[in-house]
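Scroll down for the structure; my scribbles are underneath it.
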Amino acid sequence: MKKSIDIICIGEVLIDFIGHQIDTSINRTKDFHRFLGGSPTNVAVNATRLGLNSVLVATCGQDGLGEYIVRKLKANNVITSHVKKIDHMPTSVIFVSKSTGTPDFIPFREADSQIDPSQITDDLLESAKIFHTTCFALSKDPARTTILESAKRAKQLGLKTSIDINFSERIWNDRDEAKLVLKEYLATDPLVKLSEDDCYRLFSESKTEDFIFEYFHNLGASTICLTKGKEGVVLSDKKFGLFHQKAIPVLEIKDATGAGDAFWTGFLYAQLLNKNFNDTITIAQKLAVLKLQNVGRLPADIDISSFIELE
(Lines give C-alpha, C1' and ligand atoms only; values in the text may rest on other atoms or scores of the structure.)
Protein backbone atom coordinates (compact mmCIF):
# COMPACT_ATOMS: atom_id res chain seq x y z
CA MET A 1 0.00 0.00 0.00
CA LYS A 2 1.29 3.47 -0.91
CA LYS A 3 2.36 5.48 2.13
CA SER A 4 0.45 8.73 1.58
CA ILE A 5 0.77 9.98 5.19
CA ASP A 6 4.16 10.96 6.59
CA ILE A 7 3.23 11.42 10.26
CA ILE A 8 0.23 10.48 12.39
CA CYS A 9 0.22 12.76 15.44
CA ILE A 10 -2.04 11.47 18.19
CA GLY A 11 -2.76 13.20 21.48
CA GLU A 12 -3.62 16.55 22.97
CA VAL A 13 -5.24 19.31 20.98
CA LEU A 14 -6.02 22.41 23.04
CA ILE A 15 -5.90 26.16 23.22
CA ASP A 16 -2.77 27.83 24.60
CA PHE A 17 -3.53 31.19 26.16
CA ILE A 18 -0.02 32.69 26.15
CA GLY A 19 0.68 35.78 28.24
CA HIS A 20 1.67 39.08 26.66
CA GLN A 21 4.18 40.07 29.35
CA ILE A 22 7.50 38.26 28.94
CA ASP A 23 9.43 36.51 31.72
CA THR A 24 6.85 37.05 34.42
CA SER A 25 4.65 34.70 36.42
CA ILE A 26 1.12 33.82 35.45
CA ASN A 27 0.13 35.61 38.66
CA ARG A 28 1.45 38.87 37.22
CA THR A 29 0.42 38.33 33.59
CA LYS A 30 -2.26 40.88 32.72
CA ASP A 31 -3.60 39.47 29.46
CA PHE A 32 -3.30 36.48 27.18
CA HIS A 33 -3.50 35.74 23.47
CA ARG A 34 -5.12 32.63 21.97
CA PHE A 35 -3.06 30.08 20.03
CA LEU A 36 -3.67 26.60 18.69
CA GLY A 37 -1.71 24.29 20.98
CA GLY A 38 -0.86 20.82 22.19
CA SER A 39 2.48 19.15 21.48
CA PRO A 40 1.31 16.62 18.83
CA THR A 41 -0.85 19.36 17.30
CA ASN A 42 2.20 21.59 16.95
CA VAL A 43 4.14 18.77 15.30
CA ALA A 44 1.29 18.11 12.86
CA VAL A 45 1.09 21.80 11.89
CA ASN A 46 4.87 22.22 11.66
CA ALA A 47 5.10 19.11 9.47
CA THR A 48 2.80 20.55 6.82
CA ARG A 49 4.97 23.69 6.70
CA LEU A 50 7.81 21.39 5.68
CA GLY A 51 5.75 19.84 2.89
CA LEU A 52 4.83 16.68 4.76
CA ASN A 53 1.37 15.10 4.94
CA SER A 54 0.24 14.95 8.57
CA VAL A 55 -2.87 13.61 10.27
CA LEU A 56 -3.95 14.72 13.72
CA VAL A 57 -5.87 12.22 15.84
CA ALA A 58 -7.38 14.19 18.70
CA THR A 59 -10.58 15.26 20.47
CA CYS A 60 -11.96 18.70 21.28
CA GLY A 61 -15.28 20.09 22.47
CA GLN A 62 -18.28 20.85 20.31
CA ASP A 63 -17.85 24.53 21.12
CA GLY A 64 -16.40 27.77 19.84
CA LEU A 65 -12.84 26.81 20.76
CA GLY A 66 -13.27 23.43 19.04
CA GLU A 67 -14.48 25.22 15.91
CA TYR A 68 -11.44 27.49 16.09
CA ILE A 69 -9.14 24.45 16.39
CA VAL A 70 -10.54 22.69 13.33
CA ARG A 71 -10.53 25.91 11.30
CA LYS A 72 -6.87 26.58 12.14
CA LEU A 73 -5.86 22.98 11.43
CA LYS A 74 -7.52 23.08 8.01
CA ALA A 75 -5.93 26.45 7.27
CA ASN A 76 -2.56 24.79 7.96
CA ASN A 77 -3.35 21.80 5.70
CA VAL A 78 -3.46 19.25 8.53
CA ILE A 79 -5.79 16.34 7.77
CA THR A 80 -8.64 16.65 10.29
CA SER A 81 -10.84 13.66 9.42
CA HIS A 82 -9.69 11.93 12.64
CA VAL A 83 -10.35 14.89 14.94
CA LYS A 84 -13.49 14.24 16.98
CA LYS A 85 -15.77 16.83 18.60
CA ILE A 86 -17.78 15.84 21.68
CA ASP A 87 -20.80 17.50 23.31
CA HIS A 88 -20.34 16.53 26.95
CA MET A 89 -16.91 18.07 27.60
CA PRO A 90 -15.43 21.45 26.60
CA THR A 91 -12.19 21.96 24.70
CA SER A 92 -9.09 21.75 26.90
CA VAL A 93 -7.17 24.98 27.57
CA ILE A 94 -3.82 25.86 29.12
CA PHE A 95 -2.71 29.25 30.39
CA VAL A 96 1.01 29.73 29.70
CA SER A 97 3.49 32.39 30.74
CA LYS A 98 5.53 33.90 27.91
CA SER A 99 9.10 32.96 28.71
CA THR A 100 12.61 32.79 27.33
CA GLY A 101 13.11 29.71 29.51
CA THR A 102 10.77 26.95 30.65
CA PRO A 103 7.26 28.47 30.72
CA ASP A 104 4.93 28.26 33.72
CA PHE A 105 1.47 26.90 32.95
CA ILE A 106 -1.93 26.06 34.41
CA PRO A 107 -3.84 23.28 32.60
CA PHE A 108 -7.62 22.86 32.40
CA ARG A 109 -8.00 19.42 30.86
CA GLU A 110 -11.32 18.34 29.46
CA ALA A 111 -11.98 16.84 26.02
CA ASP A 112 -8.37 16.17 24.96
CA SER A 113 -8.17 12.76 26.68
CA GLN A 114 -11.33 11.41 25.04
CA ILE A 115 -9.60 9.62 22.14
CA ASP A 116 -11.16 6.25 21.25
CA PRO A 117 -10.11 3.34 18.99
CA SER A 118 -12.56 4.30 16.22
CA GLN A 119 -10.35 7.31 15.46
CA ILE A 120 -7.35 5.14 14.52
CA THR A 121 -8.25 2.67 11.79
CA ASP A 122 -5.97 0.05 10.27
CA ASP A 123 -6.34 1.85 6.94
CA LEU A 124 -4.92 5.00 8.53
CA LEU A 125 -1.99 3.13 10.06
CA GLU A 126 -1.24 1.24 6.87
CA SER A 127 -1.03 4.52 4.93
CA ALA A 128 1.48 6.17 7.30
CA LYS A 129 5.21 6.13 8.04
CA ILE A 130 5.55 7.54 11.58
CA PHE A 131 3.24 7.23 14.62
CA HIS A 132 3.94 10.03 17.09
CA THR A 133 2.54 10.79 20.54
CA THR A 134 3.43 12.37 23.88
CA CYS A 135 3.66 11.63 27.58
CA PHE A 136 0.87 14.19 28.11
CA ALA A 137 -1.45 12.16 25.85
CA LEU A 138 -0.61 8.91 27.68
CA SER A 139 -1.41 10.38 31.09
CA LYS A 140 -5.15 9.74 31.02
CA ASP A 141 -7.66 7.19 29.75
CA PRO A 142 -9.31 6.52 27.37
CA ALA A 143 -6.58 8.15 25.24
CA ARG A 144 -3.87 6.15 27.04
CA THR A 145 -5.29 2.72 26.20
CA THR A 146 -6.18 3.78 22.67
CA ILE A 147 -2.66 5.04 22.00
CA LEU A 148 -0.87 2.06 23.54
CA GLU A 149 -2.91 -0.46 21.57
CA SER A 150 -2.61 1.57 18.37
CA ALA A 151 1.16 1.92 18.78
CA LYS A 152 1.50 -1.86 19.01
CA ARG A 153 -0.54 -2.24 15.81
CA ALA A 154 1.53 0.47 14.17
CA LYS A 155 4.73 -1.36 15.06
CA GLN A 156 3.38 -4.60 13.59
CA LEU A 157 2.45 -2.76 10.40
CA GLY A 158 5.98 -1.42 10.00
CA LEU A 159 5.55 2.18 11.16
CA LYS A 160 8.27 3.90 13.15
CA THR A 161 6.88 5.00 16.50
CA SER A 162 7.91 8.22 18.23
CA ILE A 163 7.31 9.92 21.57
CA ASP A 164 8.00 13.23 23.25
CA ILE A 165 8.41 12.44 26.94
CA ASN A 166 7.02 15.82 28.00
CA PHE A 167 6.29 14.63 31.52
CA SER A 168 4.87 17.07 34.07
CA GLU A 169 3.57 16.24 37.51
CA ARG A 170 0.84 18.87 36.97
CA ILE A 171 -0.53 16.68 34.18
CA TRP A 172 0.37 13.26 35.63
CA ASN A 173 0.86 13.24 39.39
CA ASP A 174 1.65 9.50 39.67
CA ARG A 175 5.28 9.06 38.59
CA ASP A 176 5.27 5.31 39.16
CA GLU A 177 2.25 4.89 36.91
CA ALA A 178 3.87 7.13 34.29
CA LYS A 179 7.00 4.97 34.27
CA LEU A 180 4.96 1.79 33.80
CA VAL A 181 3.00 3.27 30.91
CA LEU A 182 6.18 4.58 29.30
CA LYS A 183 7.71 1.12 29.63
CA GLU A 184 4.81 -0.30 27.63
CA TYR A 185 5.09 2.33 24.90
CA LEU A 186 8.89 2.14 24.70
CA ALA A 187 8.62 -1.57 23.98
CA THR A 188 7.70 -0.48 20.43
CA ASP A 189 11.24 0.96 20.03
CA PRO A 190 10.22 4.56 19.37
CA LEU A 191 12.39 7.52 18.54
CA VAL A 192 12.53 9.26 21.93
CA LYS A 193 12.72 13.01 22.55
CA LEU A 194 13.14 14.40 26.06
CA SER A 195 14.65 17.41 27.75
CA GLU A 196 16.63 17.85 30.95
CA ASP A 197 13.54 19.49 32.46
CA ASP A 198 11.42 16.46 31.49
CA CYS A 199 13.91 14.12 33.15
CA TYR A 200 14.07 16.19 36.32
CA ARG A 201 10.29 16.12 36.60
CA LEU A 202 9.99 12.40 35.78
CA PHE A 203 12.64 11.26 38.26
CA SER A 204 12.08 14.13 40.75
CA GLU A 205 15.84 14.72 40.82
CA SER A 206 18.72 15.44 38.46
CA LYS A 207 20.11 12.44 36.60
CA THR A 208 23.30 12.01 34.59
CA GLU A 209 23.26 11.52 30.83
CA ASP A 210 24.55 7.98 31.35
CA PHE A 211 21.63 7.17 33.66
CA ILE A 212 19.06 8.69 31.30
CA PHE A 213 20.32 6.88 28.22
CA GLU A 214 20.75 3.55 29.99
CA TYR A 215 17.27 3.81 31.55
CA PHE A 216 15.43 4.39 28.28
CA HIS A 217 17.60 2.05 26.20
CA ASN A 218 16.78 -0.72 28.69
CA LEU A 219 13.06 -0.07 28.14
CA GLY A 220 13.47 -0.79 24.43
CA ALA A 221 14.30 2.51 22.73
CA SER A 222 17.23 2.39 20.32
CA THR A 223 17.46 6.13 19.66
CA ILE A 224 17.19 8.74 22.43
CA CYS A 225 17.58 12.48 21.86
CA LEU A 226 18.22 14.62 24.94
CA THR A 227 17.88 18.39 24.57
CA LYS A 228 19.87 20.48 27.05
CA GLY A 229 18.96 24.08 26.27
CA LYS A 230 22.04 26.27 26.00
CA GLU A 231 24.20 23.16 26.44
CA GLY A 232 23.03 21.76 23.11
CA VAL A 233 21.81 18.28 22.21
CA VAL A 234 23.08 14.78 22.96
CA LEU A 235 21.79 11.73 21.10
CA SER A 236 22.45 8.13 22.04
CA ASP A 237 21.84 5.35 19.54
CA LYS A 238 22.40 1.68 20.34
CA LYS A 239 23.98 1.01 16.95
CA PHE A 240 25.81 4.25 16.13
CA GLY A 241 26.79 5.52 19.60
CA LEU A 242 26.81 9.09 20.96
CA PHE A 243 26.37 12.35 19.08
CA HIS A 244 26.76 15.80 20.62
CA GLN A 245 26.07 19.21 19.13
CA LYS A 246 26.44 22.65 20.65
CA ALA A 247 23.35 24.81 20.72
CA ILE A 248 22.84 27.16 17.78
CA PRO A 249 23.00 30.73 19.13
CA VAL A 250 19.72 32.67 19.17
CA LEU A 251 19.91 36.46 18.79
CA GLU A 252 16.59 37.12 20.53
CA ILE A 253 14.33 34.62 22.25
CA LYS A 254 10.75 35.85 21.99
CA ASP A 255 8.89 32.76 23.22
CA ALA A 256 10.04 29.25 24.22
CA THR A 257 6.57 27.66 24.07
CA GLY A 258 6.56 25.05 21.29
CA ALA A 259 10.32 25.14 20.65
CA GLY A 260 10.68 21.48 21.61
CA ASP A 261 7.87 20.57 19.22
CA ALA A 262 9.59 22.48 16.42
CA PHE A 263 12.84 20.66 17.22
CA TRP A 264 11.15 17.27 17.07
CA THR A 265 9.30 18.07 13.85
CA GLY A 266 12.65 18.88 12.26
CA PHE A 267 14.09 15.66 13.66
CA LEU A 268 11.30 13.49 12.24
CA TYR A 269 11.44 15.37 8.92
CA ALA A 270 15.17 14.67 8.60
CA GLN A 271 14.71 11.01 9.53
CA LEU A 272 12.04 10.66 6.83
CA LEU A 273 14.68 11.97 4.41
CA ASN A 274 17.14 9.34 5.74
CA LYS A 275 19.59 11.94 7.03
CA ASN A 276 22.38 10.85 9.35
CA PHE A 277 22.09 11.79 13.01
CA ASN A 278 24.43 14.78 12.85
CA ASP A 279 22.46 16.32 9.99
CA THR A 280 19.19 15.38 11.68
CA ILE A 281 20.12 17.22 14.87
CA THR A 282 21.27 20.27 12.92
CA ILE A 283 18.00 20.48 11.00
CA ALA A 284 16.04 20.00 14.24
CA GLN A 285 17.99 22.78 15.97
CA LYS A 286 17.45 25.19 13.07
CA LEU A 287 13.69 24.72 13.26
CA ALA A 288 13.74 25.19 17.05
CA VAL A 289 15.72 28.44 16.66
CA LEU A 290 13.14 29.73 14.19
CA LYS A 291 10.38 29.01 16.71
CA LEU A 292 12.26 30.67 19.58
CA GLN A 293 12.40 33.86 17.53
CA ASN A 294 8.61 33.93 17.04
CA VAL A 295 5.56 33.98 19.33
CA GLY A 296 2.96 31.33 18.55
CA ARG A 297 3.34 29.31 15.38
CA LEU A 298 6.23 29.32 12.92
CA PRO A 299 6.25 32.48 10.75
CA ALA A 300 4.15 32.40 7.61
CA ASP A 301 6.30 34.73 5.53
CA ILE A 302 9.36 32.53 4.93
CA ASP A 303 10.15 29.28 3.12
CA ILE A 304 10.88 27.05 6.11
CA SER A 305 12.27 24.17 4.06
CA SER A 306 14.90 26.53 2.59
CA PHE A 307 15.62 28.05 6.02
CA ILE A 308 16.60 24.71 7.52
CA GLU A 309 18.57 23.41 4.53
CA LEU A 310 22.09 22.29 5.35
CA GLU A 311 24.87 24.46 4.00
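The values are calculated or read from the model by the stated rules, or taken from the named source; none is laboratory data. None of these values were measured; they are calculated from a predicted model. Cβ: placed from backbone, ideal geometry, glycine included. Neighbour counts: every protein chain shown. Surface areas here come from the heavy atoms of the whole protein model, side chains and all, with no ligands, DNA or RNA. Shrake-Rupley method; radii C 1.70, N 1.55, O 1.52, S 1.80 Å.
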> Which is farthest toward the positive dipole end of the chain among Ala270, Pro103, Gly51, measuring Cα position about the Cα centre, with Cβ charges +1 (Lys, Arg) and -1 (Asp, Glu)?
Replying inline: Gly51
> Across the Cα atoms of segment 58-106, what radius of gyration and what greatest pairwise Cα-Cα distance (Dmax) are found, in Å?
Replying inline: 13.2, 37
> Which value in nm describes the separation of the simple spin-label points at Asp174 and Arg153, placed 7 Å from the Cα toward the beta carbon?
Replying inline: 2.5 nm
>> Could you report the chain's accessible area per residue, 1.4 Å probe, as an integer in Å²?
In response: 43 Å²
> When all C-alpha to C-alpha distances in segment 1-111 are sorted into bins of 10 Å, what percent of pairs does each bin hold, rounded to whole numbers?
Replying inline: 15, 42, 31, 11, 1, 0
> Tell me which lysines have Cα within less than 22 Å of Lys3's Cα, excluding those fewer than 8 residues away on the same chain?
Replying inline: Lys74, Lys129, Lys152, Lys155, Lys160, Lys275
> Hey, got the Cα dimensions of segment 66-178 along the principal axes, in Å, largest first?
Replying inline: 40, 37, 32
> Round to a whole number: what % of the accessible area of segment 206-311 belongs to carbon and sulfur, probe 1.4 Å?
Replying inline: 50 percent
> Between Lys2 and Asn27, what length in nm is gained on full extension when 0.36 nm per residue of separation is reduced by their alpha carbon distance?
Replying inline: 3.9 nm
> What does the helix-only formula give at 222 nm for the chain: each DSSP H stretch with n ≥ 4 adding -39500 (n - 2.57), the total divided by the residues, and the result rounded to the nearest 500 deg cm²/dmol?
Replying inline: -10500 deg cm²/dmol
>> Can you give me the % of accessible surface on segment 1-121 that is carbon or sulfur? Probe 1.4 Å, all protein chains present, nothing else counted.
In response: 52 percent
>> What distance in nm lies between label points placed 7 Å from Cα along the C-beta direction at Arg34 and Glu205?
In response: 4.5 nm
> How large is the charge dipole for segment 230-311, taken about the Cα centre, if only the Cβ atoms of Lys, Arg (+1) and Asp, Glu (-1) carry charge, to the nearest 20 debye?
Replying inline: 300 debye
> Once you wrap a convex hull around the alpha carbon atoms of segment 78-137, what is its projected area averaged over all directions, in nm²?
Replying inline: 6.0 nm²
> Rg and Dmax of segment 159-302, Cα atoms, in Å?
Replying inline: 15.0, 45
> Ignoring ligands, DNA and RNA, what percent of the accessible area of segment 144-198 is carbon or sulfur (1.4 Å)?
Replying inline: 43 percent
> Over the chain, how many percent of alpha carbon pairs lie in each 10 Å bin up to the one with the longest distance?
Replying inline: 6, 29, 39, 23, 3, 0
